[in-house]
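Single-structure report; data block below.
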Amino acid sequence: MAKFTLFAKILNTLLPNMCEICHSFCDQEICDSCLKTLPIHPKIKSIPPLTNIHSLCRYEDPIKHLLSRIKFDGQKHIASHLSTLLKRHIPSQTLKNIDVIIPVPLHSARYKKRGFNQVDLLFQPLAKATHIPYHNHILSRIKATPPLFNLDKEQRPIILQDAFCIHHPKVILGKNVMIVDDIYTTGSTLNACGRLLKKKGAKSVQGMTLCEVK
Ligand SMILES: [Zn+2]
């Protein structure tokens, strides 16, 4: 990845329409050449209690860089390109029997700091395009957990115990739920949410993430 030089930063301020990846001038945030370089690598796995977990890309540059720009630099406009990728590459069959899409929530403190949940930006357009109800107030994260990538596989489920709660179980009762997130690492977060959703009456739970850590 080309280094984001001071020169490029100045140009970016003066001329906002530069490609986020290669910094060439273009009329959109990511140029057509760079869009073709995104590490699309669809995968499906089955990890109970989730029936299936779908992921679209590998968590590597330039996707990694783009997600970081969204989350930590507040560059929300980039998310529309990633959302378009989801709409383009997720087979319609995958969402055929889904009744409701629910995002993995941020803890309220992190949400306040960031001002948005990047998962909403990525998946709300997909829900809209497929006419599936998207509910981002059903599930909330009531325990502030440290970043999971610092923890080993055994510690993650322990840290996530009682980390989530469901406010309106009627919405998921007897429903086929798709829980969505930006990054799949070990599946601990999706697993914790999936268990809770099943416990509260969901008929089935699947997961979907934009990318997966190899
Ligand atoms: Zn480019």
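The values are calculated or read from the model by the stated rules, or taken from the named source; none is laboratory data. Only a predicted model underlies this, so the values are computations on that prediction, with no experimental measurement involved. Using ideal geometry, Cβ is built from the backbone for each residue, glycine included, and neighbour counts are taken over all protein chains shown.
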Query raised in the report: If you go through segment 121-147 one residue at a time, how many are surrounded by 19 or more Cβ atoms within 10 Å (Cβ to Cβ) and either under 21 Å from Gln75 (Cα atoms) or without any contact (Cβ under 8 Å) to a residue 12 or more places away in the chain (or both)?
Result: 4
Requested in this report: Could you list, in sequence order, all residues of segment 67-84 that are among the aliphatic types (A, V, I, L, M) and either in a strand (DSSP E or B) or over 12 Å from the mean Cα position of the chain (by Cα) (or both)?
Outcome: Ile78
Query raised in the report: away from the ligand (no atom under 16 Å from the Cβ), closer than 25 Å to Phe164 by Cα and among the basic types (Lys, Arg) - does that describe any residue in segment 48-61?
Result: no
Report task. Output the number of residues of segment 190-203 satisfying the condition of being crowded, with 19+ Cβ neighbours inside 10 Å and touching a Lys or Arg at 6+ places or on another chain (Cβ under 8 Å). Result -> 1
Query raised in the report: For Val119, all conditions in the list (1) assigned to a strand (DSSP E or B); (2) under 15 Å from the mean Cα position of the chain (by Cα) hold save one; what is the number of the exception?
Result: (1)
Report summary line: Out of (1) in contact with a strand residue (DSSP E or B) (Cβ under 7 Å, 6 or more places away or on another chain); (2) at pLDDT below 95, the one Gln206 does not meet is (2)
Report summary line: Expected output for segment 17-32 (first residue in contact (Cβ under 8 Å) with a residue 12 or more places away in the chain and within 7 Å of the ligand (Cβ to nearest atom), partner among the aromatic types (Phe, Trp, Tyr) and not in a loop (DSSP other than H, G, I, E, B), Cβ below 9 Å, 6+ apart or cross-chain) is Cys19/Phe25; Cys31/Phe25
Query raised in the report: All but one of (1) within 16 Å of the ligand (Cβ to nearest atom); (2) under 27 Å from Asn176 (Cβ atoms) hold for Ile90; which doesn't?
Result: (1)
Query raised in the report: In the set Ser46, Ser55, which member is part of a strand (DSSP E or B), in the same structural domain as Asp181 (by TED's automatic domain parsing), at pLDDT below 95 and within 18 Å of Cys211 (Cα to Cα)?
Result: Ser46
Query raised in the report: Within segment 158-176, is there a residue that is in the same structural domain as Ser80 (by TED's automatic domain parsing), under 17 Å from the mean Cα position of the chain (by Cα) and not hydrophobic (A, V, I, L, M, F, W, C)?
Result: no
Query - Residue count for segment 33-47, restricted to those that are over 20 Å from the mean Cα position of the chain (by Cα) and away from the ligand (no atom under 16 Å from the Cβ) - result: 0
Report summary line: Of those in segment 156-182 that are aliphatic (A, V, I, L, M) and over 16 Å from Ile47 (Cα atoms), the residue surrounded by the fewest Cβ atoms within 10 Å (Cβ to Cβ) is Ile158
**Report entry** Where a residue in segment 90-116 is more than 19 Å from Arg141 (Cα to Cα) and its partner, wherever it lies, is assigned to a helix (DSSP H, G or I), with Cβ under 6 Å and at least six apart
**Finding:** Leu95/Thr130
